[in-house]
Amino acid sequence: MKPKVVVLVQEKFKNDLLPPTILDHLHSFAECEIVVDPYKLSDEEFGSRFQGVDGLLTTWEIRKIDPRILQKAEKLKIISHAGGMVRFFLPEEVYTLRPDIVICNASNVMAQPVAEYALTASLACLRHLWYFRHWVGSGDNWELYERDNNLSLLKKKVGVVGLGQIAREFIELARPFKVTFHVFSTHLREEDARRQGLEKSTLDEIFSICDVIVLSAANTPENRHLINRRLLRKMKPGAVFVNIARGAIVDEQVLIEELETGRFMAALDVTDPEPPSAENKLRQLPNVLLTPHIAGPTPEQRIWMPEEAVNNLEAFFSGKPVRGVIDHQRYIYMA
């Protein structure tokens with residue numbers, strides 16, 4: 001007898017996340033019910049969809065699941081998320097009320113594109129590519145550019161704030177540039193850092209000595225405005241600050257004020273809030289590379305996330321290992 005799986009999806013994402021190939025794969029090993037726009041259901045109707053269900057496949061921007069629903073869904077064994085962070089729809093109480101439920105996500109296929117963006121943004125800022133785009137069209141002074149606008153990543157010092165899956169992917173992508181990695185992580189032990197070719201550093205050390213700083217810390221209440229004026233004022237002239245985490249981890253007004261000095265550059269894929277207001281200076285500052293939260297999988301890669309979620313369901317119901325498991329500790333600290 002096939003396990004019963006319920007899929008929660010917004011209508012606007014249905015075609016992208018649930019094309020025929022994904023549904024055919026899901027139907028090959030499970031009985032499947034698709035619940036479109038669960039926000040439109042009453043609490044009673046929404047809760048009834050969980051009765052007799054063995055597995056749950058969740059997607060983007062779904063409604064928060066009341067812990068009481070999970071407590072009553074006695075057959076539910078696994079929640080497989082076709083995305084990254086689950087905190088927005090899954091309350092922390094699930095680990096107390098239903099510690100038997102396996103919770104997993106698609107972080108294994110999401111981390112590398114984000115890391116790729118971080119490396120691309122770092123290189124683009126160091127080389128001032130947008131500056132040269134305008135420079136070559138502005139006159140005949142072909143070679144008389146400002147020398148400090150042409151920098152390299154090779155053999156530089158790179159700071160990494162937070163050491164989750166994305167940060168580790170970034171480190172591997174940047175290793176060929178022969179950089180020195182300075183890492184701030186409360187969970188990294190000195191001996192592990194040495195074994196991995198990393199230098200465990202404080203935030204003050206990173207912001208004082210690094211040429212590139214990549215922020216990939218978790219968006220927890222404790223980390224709100226972790227990056228403050230004291231740290232930003234320590235940044236070296238010509239350094240690059242890259243935020244691929246969340247805007248709330250940085251004191252944005254302070255960041256703007258420090259960027260206005262022109263001392264360093266920033267590549268920001270996230271802001272607080274998103275999108276920034278039309279008047280937000282981050283949109284116009286010449287030393288800011290601002291992008292609209294594009295660091296994740298590209299449109300052509302988004303299919304990887306539901307593929308990973310379905311693969312995890314199939315593996316679980318076949319008695320095989322599941323990837324991207326989110327235990328209680330990872331739930332607390334993941335971005």
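Rule-based calculations on the coordinates, nothing more; no lab input. Please read all numbers here as calculations on a predicted model, not as lab measurements. We place every Cβ from the backbone using ideal geometry, glycine too, and count neighbours over all the protein chains shown.
Assorted remarks:
- Percentage relative contact order, segment 109-290, counting C-alpha pairs under 8 Å, at least six apart: 19
- Take the Cβ atoms of ARG127 and THR291, set R0 to 25 Å, and the FRET efficiency comes out at 0.90.
- Qualifying trypsin sites (Lys or Arg not before Pro) in segment 251-326, where qualification requires a DSSP coil assignment and no more than 12 other C-beta atoms within 10 Å, are lacking entirely.
- For the set LYS4/LYS40; LYS2/LYS72; LYS178/LYS234; LYS157/LYS236; LYS156/LYS200, the pairs lying more than 19 angstrom apart at their alpha carbons are LYS4/LYS40; LYS2/LYS72; LYS178/LYS234.
- Under the criterion of Cα pairs below 8 Å and six or more residues apart, the relative contact order for the chain equals 19 percent.
- DSSP loop chymotrypsin sites (Phe, Trp or Tyr not before Pro) with at most 16 other Cβ within 10 Å excluded, longest remaining stretch of the chain: 146-335
- Separation of the THR21 and LYS75 label points, Cα + 7 Å toward Cβ, nm: 3.1
- Positive contributions from Lys and Arg (+1) and negative ones from Asp and Glu (-1), summed over other residues with Cβ under 10 Å from the Cβ of ASN287, come out at 0.
- GNM top mover of THR291, THR261, THR202 - the chain, alpha-carbon springs below 10 Å: THR261
- Cα-based equivalent ellipsoid of the chain: semi-axis lengths in Å, sorted from largest, via gyration tensor: 41, 21, 19
- Residue-averaged 222 nm ellipticity for the chain, from DSSP H runs of 4+ at -39500 (n - 2.57), nearest 500: -9500 deg cm²/dmol
- The stretch between LYS281 and ARG230 holds 16.3 nm of extra length on full extension. This uses 0.36 nm per residue minus the Cα-Cα distance.
- Fluctuation leader among ALA278, ALA245, ALA121 - the chain, Gaussian network, Cα springs under 10 angstrom: ALA278
- Loop-located GluC sites (Glu not before Pro) in segment 145-193 whose Cβ has at most 12 other Cβ within 10 Å (DSSP): GLU146
- Residue order, fewest to most surrounding Cβ atoms within 10 angstrom, among SER107, SER28, SER208: SER28, SER208, SER107
- Pairwise FRET efficiency - GLU172 versus THR261, Cβ, R0 = 56 Å, nearest 0.05: 0.95
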